[in-house]
Amino acid sequence: MQTIDTWYCTYKGKLLAIACQKGYSYEEAKDIVQQFFLDLLQKETGDVKNPEAFLLTAFKRRLIDLYRANHRPLVSDSCAVPPSALEIIEELETNRELVNRLEDAYKRLPARYRRVIYLKYYQGLTTEQIAETTGFTCQTVYNNLSKGIRQLRLNLENKKSLSKFAGIFLFLFP
């Protein structure tokens, strides 16, 4: 009991500041801190070697629990408005465009990168299984995967920047 009183006097200000920093008003923060210490009185704290770390961690967890309890979605997913046909068509066209860009970028990769990426992401093989299948070492498989993905990103970014440039060019010179 004496320990928790000492902790309250020592760390109350720091905990109040944390609660206020997380968006609670001063009055709400004061209530939360007081309730936190009341709950501590009911629990066995045992032999705490570092009370500041203990209190800060426990208090932050309490704030997370409070946030989760108070921020539930107001509308359930079953009551949500379904997307319109126009929205669905636009999303499908965007996805088709993305798939086509990805396919073009994939085709421009060297064969060893394509093979390793195919085995990893389309066949679902592990690095060790790919090494057995291809005869590469695990390190070579890993290197080919990372270089292939990096090359895919570069190809996609270049195509994106080229399409932006083409759009600007067509806007300036119709």
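The values are calculated or read from the model by the stated rules, or taken from the named source; none is laboratory data. Remember, predicted model here, so these are calculated numbers, not experimental data. Cβ atoms come from the backbone with ideal geometry, glycine included; neighbour counts cover every protein chain shown.
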Report summary line: Over the range 11-22, the set of residues touching a residue at least 40 places away in the same chain (Cβ under 8 Å) and either in contact with a Pro (Cβ under 7 Å, 6 or more places away or on another chain) or part of a helix (DSSP H, G or I) (or both) is Tyr11, Lys14, Leu15, Ile18, Ala19
Requested in this report: Would you mind finding the one in Asp47, Asp31 that is farther than 30 Å from Thr134 by Cβ, modelled with pLDDT under 90 and either in a loop (DSSP other than H, G, I, E, B) or not assigned by TED's automatic domain parsing to the domain that holds Leu152 (or both)?
Outcome: Asp47
Requested in this report: Taking the options Glu27, Glu44, Glu52, name whichever one is over 16 Å from Asp5 (Cα atoms), over 28 Å from the mean Cα position of the chain (by Cα) and free of Cβ contacts under 8 Å to residues at least 60 places away in the same chain.
Outcome: Glu27
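One line per residue, one yes/no per condition, for (1) surrounded by 15 or more Cβ atoms within 10 Å (Cβ to Cβ); (2) modelled with pLDDT of 90 or more; (3) assigned to a loop (DSSP other than H, G, I, E, B):
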{"residue": "Leu98", "(1), (2), (3)": "no, no, no"}
{"residue": "Arg112", "(1), (2), (3)": "yes, yes, no"}
{"residue": "Arg115", "(1), (2), (3)": "yes, yes, no"}
{"residue": "Tyr121", "(1), (2), (3)": "no, no, no"}
{"residue": "Ala131", "(1), (2), (3)": "yes, yes, no"}
{"residue": "Phe136", "(1), (2), (3)": "yes, yes, yes"}
{"residue": "Val141", "(1), (2), (3)": "yes, yes, no"}
{"residue": "Lys159", "(1), (2), (3)": "yes, no, no"}
{"residue": "Gly167", "(1), (2), (3)": "no, no, no"}
